[in-house]
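**Q** Here's a structure for you.
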Amino acid sequence: MTEISKAYEPQSVEDKWYDFWLKQGCFTADPKSAKPAYSIVIPPPNVTGMLHMGHVLNNTIQDILSRKARMDGKEVLWLPGTDHAGIATQVMVEKQLKKEEKKSRHDLGREEFLKRVWAWKEKHGDIIINQLKKLGCSCDWTRERFTMDPEYSRCVQKVFVELYKKGLIYRGKRMVNWCPATQTALSDEEVEMKPQKGFMYHFKVQVAEAPDTWLTIATTRPETIPGDTAVAVNPKDPRYAHLIGKHIVRPLPAELPQDKKLIPIIGDEHVDFEFGTGVLKVTPAHDKADFDIGTRHKLPLIEVINADGTMNTLAGGPLARLDRFKARKVAVEILTEQGVMIEAKPYENNVGFSQRADVPIEPRLSEQWFLKYPAVPESKACVAEGRMKFHPDRWAKVYDHWLTNIQDWCISRQLWWGHRIPVWYNTEIRAKLTKQIPVVELSGHELPGSNIKQLRDAAWQFADQHALLNHSFPNAETGWNLVVRTASLEHAFTHQGVANIKAVVVLPELIRTASKVASLHHLPPSEHFKAVHLFVAAARIAGELYQVKITVKEHLDGQKLYDHQLFKINTPDGKSPTPAALASKPTRPTSGVDVCIADLFTNVNTDTTFTRCQIEEPGPDWTQDPDVLDTWFSSWLWPFATMGWPEQTETLKKFYPTTDLVTGPDIIFFWVARMIMAGYEFMGEKQFALPDAMPFQNVYFTGIIRDKQGRKMSKTLGNSPDPLVLIAQYGADALRFGTMRSAPLGQDVLFDEKDVELGRNFCNKLWNACRFRQMQGGEVQGEIERTLLTPDDKWILLKLDAAIREVTIALNEYKFSEATAALYKFFWSEYCDWYVEASKASLPRPPAEAAPGEAPVAAVALSPEVEARKANTIAVIDFVLSHTIRLFHPFVPFITEELWNGMGYATDMPDNQGGKTIMNAPWPLPFDDDFKGHYGLDDCYVEMTDTKYELVRNGRDLRRAGNIQAAKKVKYVFKPAQHLTPHDAEVIKLLLNAESLGVNDAYQSPKGTPVVASPLGELFLPLEGLIDVAAEKIRLTKEIEKIQSEIVKVEQKLANPNFTTKVPPTVLAEHEQRLVEWKAKLAHAEAARGALG
RNA sequence: GCGCGGUUAGCUCAGUGGUAGAGCAUUACCUUGACACGGUAGGGGUCGGAGGUUCGAAACCUCCACCGCGCACCA
């Protein structure tokens, strides 16, 4: 810092130091370090994202925490990365595709489309990362992760497989939140309820059995009438109860014949007879509550709306192919034409909207994957018991409430961009379901025996006699020769039921007729076997139909080894045996009947037989589920999947669980709660030997950034400033400091560019305070000689001590705005405003600049005493600055690094203690008693010096009272009440900006001289003729009135016996002291007024 | 409907029972040894309302009003 500019220029400083930090590896965490660990995982921003003010707030806080932890001597890991943001990214690439090539993703096909998404990611994915670097974020970039990284994807799939095997993940046909715009299912959390203005339509329907009776139905969705399969009334409702069991004529679709439009009137408790007309139309296919009613009453489902939100043909001719909202209007028109529309009342109700696409959700029946949330009790307990702390803690209640009421999580999405569901379906079986295979009848060769043991013996004898063992038999369909081993039969005879034993009689026939339905890779991978093939055959034994599952292991040498298992086939309800189904096909002869393969599976769990949940592709006959997983299903693993899980890596051992999480409360359910559950499920004692697997110890919830009118920042409103523009204009430090200054704990932040300006101004002040020090020259960080300390020195050291305490406490409590306020107050209002000015008394003026044409003024040699005092003052300044800069570092990293090095404070430090970079300089500690004792830092110096500065303030007042211009140098006279050191006199003179300060303890002021009094003495401004006496009198009178009112207040309190007897002694003494002070002030003020004449 | 926040200076906010605060804005004056991105001095508040507890309430309790947010099956 040789040439220090007058104003701080962040642009020339910030990039330089960021590069330096990167090159030095300052952000890289070492899991082998002996230092205690501190870790944060970044809430991964979307790869599509651009930095916005929310990121600035969130990441500045994380950076402050990380940098403070490093200065505290911790080994810090701040782990960065991005997430793939399924819907957002896919929609964005689709839009681009449409714009540039006028193509849809279906035109390209899945594989090609995904190539485009990856290309887009490669091109734009690091934009936000680079923006975070601009902000100064000290993330360990060597560990940057992306949720679609191969290793990460494997974690996601492993987790899916595990949860599936535990039975926590299942596939089901359910009512889900369907987004017609993006045509995918959404989780409950992605639906936002919004009040919508619409109409409540009342229309009437005729009761079929009583044509004179009409019921009035209220609905907001007349377009769904064609999907109605009942109307419901409350069975306790006297108006309608008698109609239950009768039918009404559904008015739509109008063109259907009457008998196709009759739907029953049912009774259901769900119906609120206060609401609407008390008659509810039931549309089970398009409403969640109606679906439940439909289930209770076994109502048929009629789907009338397509996946894209248009009506289908079942909705009727005029409605078909119309968008659902257009169809609503048309439906109303038709009802009006029919004369059944009674009225349309304007009505506002809550409608679920797709959070992403901002279109109304359509409840829709579809087959999706669901997760029963794991580890819920543990997740609730850790927060409820305070082992994991939320800041502010009121979010704990919200969290608990959500966990108490959660429904299973719909995790599948009908998208292409994301983690493909690791479930495989057999394709061959599907093609073969309609294939008929002959039923092998067990007749003629019944095995003798009345118990299992006898049957078994007979079976072995049969196998032996008929040369079944270790012989091969041809399969008609594949031409393969299947080898029957002793082991195969042993298995069938020992572990399976009687039917398996009896079937040995027809074994060659079973093998011949069996149909191959699937091939699988051998799992676990084996040295001996290539693949496993599944065959199916049918057998009838004692009148019961059996599915024969034949497993063929294909040896590497081509040998195919046979194994079998029989399952009894029942009808779906499990009661009567299936042959009824066969008998119902009269064209078939009674023996040698064929059976459809599909029938063989009526009671077999096809999910386990023909569905595989595993990471690798099972075999050539298998196709993967087309859906992808909800993006949150990958980000809930973030705290450990980024650290090398499932391997027990050094990083995991050192840095998991993480220390702090900083995020917004809007994703408390989406992300925070789910991460906690994942932590318990996958890092718990069973899997990872962690006694408490919670993923973080503290969660700090930031506020939401709003504009200064309090509106949420959004792209559409255009009220979100671009942080990069702000950084370019004011500097990253300014943006950080300003944001922190205006972001109180747990409150939304009303952002104003003025805040950044404040930050910029502050950096400039810091810069110039250091510049002032630079201009004094002298030894850097010289020894402080305690005997030479002035009261002002002691005052600022004590204020520094207080500031260290305040900032440290504020940071420990995550009160960032308090910490910045404390720093601001200390540095600006105490150090710059008072101490620097006072210190000038000890720093002799530099020689005045020579006027043009004159010879330069020679430097005057200073006396040794003056030199010593000067050196000591500079040492104090260095001490204060070197501490202050460190206190500031986490908030404003760039300027502090520049100053730390430029001022030379780094030079005497060891490399790992601030010698290279301020990043690892030790965080300042409050002074201990030894330190204070050694330097004589007694609190009395604070009081004494405050009194001195108060006198100065009052003295400055006199100027204004006298209407004296600020620049005018005036002479003051001081009449001390006690001994005043020449140094203090000099300080007072300087602070008053006086031409001179005459110290005279016998001073007699002329009439009309303004005066202020203090415990130190009286300060006069003897400027006869220049003083506006009248103005000063008015001022004093006003002040006297104010003092009097204060005295009255205190006196009243002290006169109250209730007060004096009940109050603690310290408070009483305080009030008495206050009265004495006010009375003294009153006396001074009155005397001053009297002196004016 | 239930729950959670908030209401203090023109604006944004601190303030956990004992003399009402900060920053910005504003007014006047000032380029004085680092800083006009600065300095000095001011003006500006019956702390949303009403009760209560207390010697004492901006703060604690009750009710009410308004603003914001979250949750909830209302056709």
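The values are calculated or read from the model by the stated rules, or taken from the named source; none is laboratory data. As the structure is a prediction and not an experimental result, all values here were calculated from the model. Ideal geometry is used to build each Cβ from the backbone, glycine not excepted, and the neighbour counts take in all protein chains shown. Side chains are part of the model used for accessible areas, which takes the heavy atoms of the whole protein and leaves out ligands, DNA and RNA. Shrake-Rupley method; radii C 1.70, N 1.55, O 1.52, S 1.80 Å.
**Q** So which helices (runs of 4 or more DSSP H) stay within the stretch A:477-536 end to end and still have 1 or more residues that are of a type in the set (Gly, Ala, Ser)? Can you show your working first?
**A** Numbers: elements: A:486-495, A:498-502, A:507-513.
Correct list: A:486-495, A:498-502.
**Q** Let me ask something additional. Going by the conditions given, is A:Glu274 within 10 Å of RNA strand B (Cβ to nearest atom) and either open to solvent by 50 Å² or more (accessible area, probe 1.4 Å) or at pLDDT below 85 (or both)? Give the derivation first.
**A** Numbers: within 10 Å of RNA strand B (Cβ to nearest atom): yes; either open to solvent by 50 Å² or more (accessible area, probe 1.4 Å) or at pLDDT below 85 (or both): yes.
Spelling it out, A:Glu274 is indeed within 10 Å of RNA strand B (Cβ to nearest atom) and either open to solvent by 50 Å² or more (accessible area, probe 1.4 Å) or at pLDDT below 85 (or both).
**Q** Let me ask something else. Of the conditions (1) farther than 25 Å from A:Asp83 by Cα; (2) open to solvent by 50 Å² or more (accessible area, probe 1.4 Å); (3) more than 16 Å from RNA strand B (Cβ to nearest atom), A:Val398 clears all except one; give me its number.
**A** (3)
**Q** Turning to a different aspect of this structure: Can you tell me which residue within the stretch A:278-290, out of those that are more than 19 Å from A:Asn350 (Cα to Cα) and out of contact with any helix residue (DSSP H, G or I) (no Cβ under 7 Å at 6 or more places or on another chain), is nearest to RNA strand B (Cβ to nearest atom)?
**A** Top of the filtered list is A:Gly278.
**Q** Please work out which residue is nearest to RNA strand B (Cβ to nearest atom), limiting yourself to the stretch A:702-727 and to residues that are in a loop (DSSP other than H, G, I, E, B), among the β-branched types (Val, Ile, Thr) and modelled with pLDDT of 70 or more. Reasoning before the result, please.
**A** We begin by selecting, within the stretch A:702-727, every residue in a loop (DSSP other than H, G, I, E, B); these are A:702-704, A:707-711, A:713-722.
Next, only the ones that are among the β-branched types (Val, Ile, Thr) stay: A:702, A:704, A:716.
Cutting the leftovers down to modelled with pLDDT of 70 or more gives us A:702, A:704.
Working: A:Thr702: 13, A:Ile704: 8 Å.
By that ranking, first place goes to A:Ile704.
**Q** Could you count how many residues in the stretch A:948-986 are at pLDDT below 85 and either part of a strand (DSSP E or B) or touching a helix residue (DSSP H, G or I) at 6+ places or on another chain (Cβ under 6 Å) (or both)?
**A** Result for the stretch A:948-986: 1.
**Q** Restrict the check to the stretch A:1038-1057 and report whether at least one residue is part of a loop (DSSP other than H, G, I, E, B) and within 21 Å of A:Val970 (Cβ to Cβ). Talk me through it step by step, then tell me what you get.
**A** The initial filter retains those residues of the stretch A:1038-1057 that are part of a loop (DSSP other than H, G, I, E, B), namely A:1056.
Right, trim to within 21 Å of A:Val970 (Cβ to Cβ) and you get none.
Scanning the stretch A:1038-1057, I find no residue that is part of a loop (DSSP other than H, G, I, E, B) and within 21 Å of A:Val970 (Cβ to Cβ), so the answer is no.
**Q** Just one of A:Ala848, A:Ala838, A:Ala855, A:Ala859 is within 11 Å of RNA strand B (Cβ to nearest atom) and modelled with pLDDT under 80; which is it?
**A** Values: A:Ala838 fails: modelled with pLDDT under 80; A:Ala855 fails: within 11 Å of RNA strand B (Cβ to nearest atom); A:Ala859 fails: within 11 Å of RNA strand B (Cβ to nearest atom).
The unique qualifying residue is A:Ala848.
**Q** Quick check on the stretch A:54-62. Is at least one of its residues hydroxyl-bearing (Ser, Thr, Tyr) and in contact with a Gly (Cβ under 9 Å, 6 or more places away or on another chain)? Step through it out loud before you land on a result.
**A** As a first pass, look at the stretch A:54-62 and keep what is hydroxyl-bearing (Ser, Thr, Tyr): A:60.
Subset that is in contact with a Gly (Cβ under 9 Å, 6 or more places away or on another chain): A:60.
Checking the stretch A:54-62: at least one residue is hydroxyl-bearing (Ser, Thr, Tyr) and in contact with a Gly (Cβ under 9 Å, 6 or more places away or on another chain).
**Q** Hey, another quick one. Counting only residues that are under 22 Å from A:Glu192 (Cα atoms) and modelled with pLDDT of 90 or more, give me the strands (runs of 3 or more DSSP E) lying completely in the stretch A:309-402 with at least 3 of them. It would help to see each step written out before you state the result.
**A** Details: elements: A:341-354, A:362-371, A:389-391.
It comes to A:362-371.
**Q** Taking the stretch A:180-198 as the search range and keeping residues that are surrounded by fewer than 21 Cβ atoms within 10 Å (Cβ to Cβ) and aliphatic (A, V, I, L, M), which one is nearest to RNA strand B (Cβ to nearest atom)?
**A** A:Met193
**Q** Does A:Ala1030 satisfy the criteria of being away from RNA strand B (no atom under 14 Å from the Cβ), farther than 15 Å from A:Asn954 by Cα and either in a helix (DSSP H, G or I) or in the same structural domain as A:Ser839 (by TED's automatic domain parsing) (or both)? Break it down stepwise before answering.
**A** Details: away from RNA strand B (no atom under 14 Å from the Cβ): yes; farther than 15 Å from A:Asn954 by Cα: yes; either in a helix (DSSP H, G or I) or in the same structural domain as A:Ser839 (by TED's automatic domain parsing) (or both): yes.
Yes; evaluated as a whole, the condition is true for this residue.
**Q** While we're on this one: When A:Tyr949 is evaluated against the numbered criteria (1) over 22 Å from A:Leu797 (Cβ atoms); (2) out of contact with any Pro (no Cβ under 8 Å at 6 or more places or on another chain); (3) surrounded by 16 or more Cβ atoms within 10 Å (Cβ to Cβ), which criterion, by number, is the only one it fails?
**A** (1)
A quick yes/no check of all residues on (1) open to solvent by less than 80 Å² (accessible area, probe 1.4 Å); (2) under 57 Å from the mean Cα position of the chain (by Cα); (3) within 13 Å of RNA strand B (Cβ to nearest atom); (4) β-branched (Val, Ile, Thr):
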site: A:Gly955; (1), (2), (3), (4): yes, yes, yes, no
site: A:Ile964; (1), (2), (3), (4): yes, no, yes, yes
site: A:Lys971; (1), (2), (3), (4): no, no, no, no
site: A:Gln978; (1), (2), (3), (4): no, no, no, no
site: A:His983; (1), (2), (3), (4): yes, no, yes, no
site: A:Leu990; (1), (2), (3), (4): yes, yes, yes, no
site: A:Asn993; (1), (2), (3), (4): yes, yes, yes, no
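**Q** Would you call A:Pro363 open to solvent by less than 40 Å² (accessible area, probe 1.4 Å), within 13 Å of RNA strand B (Cβ to nearest atom) and more than 21 Å from the chain's Cα centre (by Cα)? Write out each step before concluding.
**A** Values: open to solvent by less than 40 Å² (accessible area, probe 1.4 Å): yes; within 13 Å of RNA strand B (Cβ to nearest atom): yes; more than 21 Å from the chain's Cα centre (by Cα): yes.
Here the answer is yes, as A:Pro363 does meet what is asked.
**Q** I've got another one for you. Residues that are within 21 Å of A:Arg960 (Cβ to Cβ), loosely packed, with under 15 Cβ neighbours inside 10 Å and within 15 Å of RNA strand B (Cβ to nearest atom): does the stretch A:1039-1053 have at least one?
**A** We begin by selecting, within the stretch A:1039-1053, every residue within 21 Å of A:Arg960 (Cβ to Cβ); these are A:1039-1043.
This time we only want the ones that are loosely packed, with under 15 Cβ neighbours inside 10 Å, so: A:1041-1042.
Imposing the further condition that a residue be within 15 Å of RNA strand B (Cβ to nearest atom) reduces the set to A:1041-1042.
Taking every residue of the stretch A:1039-1053 in turn, at least one turns out to be within 21 Å of A:Arg960 (Cβ to Cβ), loosely packed, with under 15 Cβ neighbours inside 10 Å and within 15 Å of RNA strand B (Cβ to nearest atom).
**Q** So which residues in the stretch A:758-784 are open to solvent by 30 Å² or more (accessible area, probe 1.4 Å), in a helix (DSSP H, G or I) and either within 23 Å of A:Thr663 (Cβ to Cβ) or more than 7 Å from RNA strand B (Cβ to nearest atom) (or both)?
**A** A:Gln774, A:Gln776
One line per residue, one yes/no per condition, for (1) over 17 Å from A:Gly276 (Cα atoms); (2) touching a strand residue (DSSP E or B) at 6+ places or on another chain (Cβ under 8 Å):
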position	(1), (2)
A:Val161	yes, yes
A:Tyr170	yes, yes
A:Pro180	yes, yes
A:Lys194	yes, yes
A:Glu209	yes, yes
A:Val233	no, yes
A:Pro238	no, no
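**Q** Wholly within the stretch A:608-701, which strands (runs of 3 or more DSSP E) include no fewer than the required count, namely at least 2 residues that are within 22 Å of A:Pro422 (Cβ to Cβ)? Break it down stepwise before answering.
**A** On the way: elements: A:611-613, A:622-624, A:658-663, A:696-701.
Correct list: A:611-613, A:622-624.
**Q** Does A:Gly352 qualify as being within 14 Å of RNA strand B (Cβ to nearest atom) and at positive phi? Step through it out loud before you land on a result.
**A** On the way: within 14 Å of RNA strand B (Cβ to nearest atom): yes; at positive phi: no.
No; evaluated as a whole, the condition is false for this residue.
**Q** Find the helices (runs of 4 or more DSSP H) located wholly in the stretch A:68-146 whose residues include 2 or more that are within 26 Å of the chain's Cα centre (by Cα) and surrounded by 15 or more Cβ atoms within 10 Å (Cβ to Cβ), and list them.
**A** Values: elements: A:86-101, A:105-108, A:110-124, A:127-135.
Per the criteria, A:86-101, A:110-124, A:127-135.
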